[in-house]
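Participant: Please find one structure pasted underneath; my questions will follow.
The values are calculated or read from the model by the stated rules, or taken from the named source; none is laboratory data. Remember, predicted model here, so these are calculated numbers, not experimental data. Cβ: placed from backbone, ideal geometry, glycine included. Neighbour counts: every protein chain shown. To get the accessible areas, we keep the full protein, side chains included, count just its heavy atoms, and leave off ligands, DNA and RNA. Shrake-Rupley method; radii C 1.70, N 1.55, O 1.52, S 1.80 Å.
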Amino acid sequence: MLDISSHDVVLVGGGGAGLRAAIAISEAAPNLSVAVVSKVYPMRSHTVAAEGGAAGVRLADDSLDDHAYDTISGGDWLCDQDAVEVFVKEAPVELMRLEHWGCPWSREPDGRIAVRSFGGMKNTRTWFAADKTGFHMLHTLFQTSLKYDAVTRYDEYYVTRLLVDDGRVQGVVALELTTGKVQAITAKAVILCTGGCGRVFRFTTNAAIKTGDGMALAYRAGAPLKDMEFVQYHPTGLPFTGILITEAARAEGGYLLNKDGYRYLQDYNLGTAEPKPVLRSMELGPRDRLSQAFVREQEKGRTVAGPYGPVVNLDLRHLGAKTISAKLPFVRELCLKYEHIDPITQVIPVRPVVHYMMGGVHTDLNGATPVKGLYAAGEVACVSINGANRLGSNSLPELLVFGARAGRAAAAYAAEQKPPARHLLAQALDEEARLQEQFLQKSGGREPIADLRDEMQKIMEQCAGIYRSGESLAGAAGKLHELQDRFRDIRLDDRGHLFNTELISALELSCMLEVAETMAQCAMERTESRGAHQRTDYPARNDEKFLAHSMTYRTTEGRPRVGYAPVTITRWPPAERVYGR
């Protein structure tokens, strides 16, 4: 039987953005009831995996304008500059607020909060807590959220649908993982904070939960997805597992070496002002350029052959045991556990790996989407401060800044709305019936979930990776649509209700297939190279035609339709990407 509950605001996702939004709502409007609906226990959200740090201007020799320019240049001028200016101004305030809430930032000997360098940033401005920054930030937010009685958590609930009536989002339908119970949760506003969709690709740093659920929910409800062609590869993932070796390892002085033991990045244009990168800092070039350099080394036969494909070596040995143990303890732990090597005495095999989605649900500066009552923040959203390539250490302060802004905006909106209409429950009953008919009670399905997922991931890696071509992308879009047709004939062996992980996998796959198709379609229609989107058949950036955001809408036939919207330019006109040293 359908269960029903009601709150003023529902947050979908219990990671950093969701918890920051919940706190902001409770601070701004203590009388509002807040629901946090998460498919995992909040401390298992993917924010916990962020290692390196969070960018925010702190030192006297830094400035907000410098942080803004680095972000805009790093994003290859596809960032909305009004959003960036808001972001860099509010980021240090949010980071200091975490300090007051108890976040254990690493310290200098004199007691000041420590900062480290990060890729693509000319000044040192990345706050960190050893190399477990995301864990400590999420822990701080989670503990802080516990003091607000108005916040109700729905842990291990999977949202399958947004309730939309009269063009306004008024709640969600969720499936409780432990029991299989379907829950209708009505609300005056909904904030999506579900993270990215890295699991669309096989080789990714992303946790298994990063399946594009929020993007698909918004897309199906009529909100456009923005800049979905821009997929960030992190240059240093462990082979096989894809586990991230944080950029902090290079910030502390690590070297990238090819099979000859040569620091090959000095041979490539990383966007520096000099003909060749400065040796002391070239490993801190922007992530897109470093990933592209790996492909070029591979083409030249200068990578190292490994059991899971070509790699290069990350060398930390010269840093010494004291530095590694103090500043990179988690890096060492990962290497020992997953590669059985000790970075104090051995090099680390690494390769580029899908890490982050610059694109997401289109929002304004306060997280509002074009669909009334629907907001988004964090990696699921595209506000857009990341443009065509996110700079490392910008994502953690982004979820704080825009999680807080979305929370306050949703609270103000909800305070003015009437309670949701009772007839919304008919939609929830329809969703309950759909889950039964299409999955649990369906007979005769032939397509295994794992086979469809593997095919999707292979298509995306082969056709929408670090380098793309029009021919491969056209083929990918067609194949992905075929997979959606085949999904209708999906087979489930588990027909039970208790902990039916196979059903959740099927629902996640339906989200990933839709999101993947938008990515391939946007990449096919953007006939230029910019940031993380590199077309071998169109190698140049084309500001005349493509200094614009791609906006993807779901048609009535379920196919993506791509249009374009202008990029907001305030004070920094488009120029060549150059990083002063």
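Participant: Please get the size of the charge dipole for the stretch 120-171, origin at its Cα centre, with Cβ charges of +1 on Lys and Arg and -1 on Asp and Glu, quoted in debye to the nearest 20.
Facilitator: Here the stretch 120-171 has a charge dipole of around 360 debye.
Participant: Counting helices only, and only those DSSP H runs with n ≥ 4, report the 222 nm mean residue ellipticity of the chain as the sum of -39,500 (n - 2.57) divided by its residues, in deg cm²/dmol to the nearest 500. Show your work: numbers first, answer last.
Facilitator: On the way: 15 runs with 192 residues, N = 581.
Per the formula, -10500 deg cm²/dmol.
Participant: Moving to a separate point now. Can you put 493, 315 in order of accessible area, largest first, using a 1.4 Å probe? Don't skip to the end; give the middle numbers.
Facilitator: On the way: 493 110, 315 15 Å².
If we order 493, 315 from most to least accessible, we get 493, 315.
Participant: Please give the charge dipole size of the stretch 426-579, origin at the Cα centre, charges +1 on K and R Cβ atoms and -1 on D and E Cβ atoms. Round to the nearest 20 debye. Working shown, then result.
Facilitator: On the way: 21 positive and 26 negative charges, 116 e Å.
For this selection, approximately 560 debye.
Participant: In terms of solvent-accessible area of protein heavy atoms at a 1.4 angstrom probe, what is the ranking of 230, 135, highest value first? Present the calculation step by step, with values, prior to reporting the outcome.
Facilitator: On the way: 230 0, 135 70 Å².
The ordering from most to least exposed comes out as 135, 230.
Participant: Would you mind checking which residues have amide H under 5 Å from residue 153's amide H? H placed 1.01 Å from N; only 5 or more apart, or other chain.
Facilitator: Those lying under 5 Å, H to H, from residue 153 are 36.
Participant: Given the protein chains as shown and a 1.4 Å probe, how many square angstrom of residue 363 are accessible, to the nearest 10?
Facilitator: About 10 Å², ignoring ligands and nucleic acids.
Participant: Over the chain, with every protein chain in place, what whole percent of the accessible area is carbon and sulfur at 1.4 Å, could you tell me? Present the calculation step by step, with values, prior to reporting the outcome.
Facilitator: On the way: 10560 of 21020 Å².
Here it works out to 50 percent.
Participant: Restricting attention to the stretch 462-555, which trypsin sites (Lys or Arg not before Pro) occupy a DSSP loop and are surrounded by at most 16 other Cβ atoms within 10 Å? Working shown, then result.
Facilitator: Details: sites: 468, 479, 486, 488, 491, 495, 526, 530, 535, 541, 545, 554; in loops: 488, 495, 526, 541.
Sparse-neighbourhood loop trypsin sites (Lys or Arg not before Pro): 488, 495.
Participant: Now for a separate question. List the longest stretch of the chain that has no exposed loop site; here a site is one of the GluC sites (Glu not before Pro) assigned by DSSP to anything other than H, G, I, E or B, with at most 10 other Cβ within 10 Å. Don't skip to the end; give the middle numbers.
Facilitator: Numbers: sites that count: 416, 557, 576.
Between exposed loop sites, the widest span is 1-415.
Participant: Return a whole-number percent for the relative contact order of the chain, with Cα pairs under 8 Å and 6 or more residues apart as the contact set. Write out the running numbers ahead of the final one.
Facilitator: On the way: 1357 pairs, mean separation 129.4, N = 581.
With pairs under 8 Å counted, the relative contact order is 22 percent.
Participant: Relative to the present Cα-Cα distance, how much length would full extension add between residue 571 and residue 269 at 0.36 nm per residue of separation?
Facilitator: Working: separation 302, 0.36 × 302 = 108.72 nm, distance 2.60 nm.
Here the answer is 106.1 nm.
Participant: Given 187, 102, 133, which one lies farthest toward the positive end of the charge dipole of the stretch 87-206, if we put +1 on the Cβ of every Lys and Arg and -1 on the Cβ of every Asp and Glu?
Facilitator: Checking the options against the dipole of the stretch 87-206, the answer is 133.
Participant: Let me ask something additional. Under a point-charge model restricted to the Cβ atoms of Lys and Arg (+1) and Asp and Glu (-1), what is the dipole moment magnitude of the chain relative to its Cα centre, in debye to the nearest 20? Could you put the intermediate results ahead of the total?
Facilitator: Working: 67 positive and 71 negative charges, 124 e Å.
Here the chain has a charge dipole of around 600 debye.
Participant: To continue, here is another question. In whole Hz, what ³J(HN,Hα) sequence does the stretch 140-153 give by Karplus (6.51, -1.76, 1.60; θ = phi - 60°), x for Gly and Pro?
Facilitator: Using θ = phi - 60°, the values come out as 4, 5, 5, 5, 5, 5, 5, 7, 9, 5, 6, 8, 10, 9 Hz.
Participant: In vacuo Debye scattering of the chain, one point per C-alpha: log10 I(q)/I(0) at q = 0.07, 0.08, 0.10 Å⁻¹?
Facilitator: Each listed q maps to, in turn, -0.38, -0.50, -0.81.
Participant: Could you check what % of the DSSP bridge pairs in the stretch 286-383 are antiparallel, to the nearest 5? Walk me through the numbers on the way to the answer.
Facilitator: Numbers: 7 of 10 bridges.
Percent antiparallel among DSSP bridges in the stretch 286-383 is about 70.
Participant: Using the alpha-carbon atoms, what tilt in degrees (0 to 90, nearest 10) does helix 64-74 show relative to the longest principal axis of the chain?
Facilitator: 90 degrees
Participant: Sort 327, 39 by accessible area with a 1.4 Å probe, largest first.
Facilitator: Values: 327 80, 39 35 Å².
Listed by decreasing accessible area, they come as 327, 39.
Participant: Compute, for residue 552, the solvent-accessible surface of its heavy atoms (probe 1.4 Å) with the complete set of protein chains present, and express it in square angstrom to the nearest 10.
Facilitator: Spelled out: residue 552, probe radius 1.4 Å, area about 0 Å².
Participant: Here is a further query. When DSSP assigns beta bridges and you keep just the ones with both residues in the stretch 1-132, what percent turn out antiparallel, to the nearest 5? Don't jump to the answer; show the numbers that get you there.
Facilitator: Details: 5 of 9 bridges.
The antiparallel proportion sits near 55 percent.
Participant: Right, here's the next one. Which percentage, to the nearest 5, of the DSSP beta bridges contained in the chain is antiparallel? Intermediate values should be presented prior to the final figure.
Facilitator: On the way: 46 of 76 bridges.
Expressed as a percentage, antiparallel bridges in the chain total about 60.
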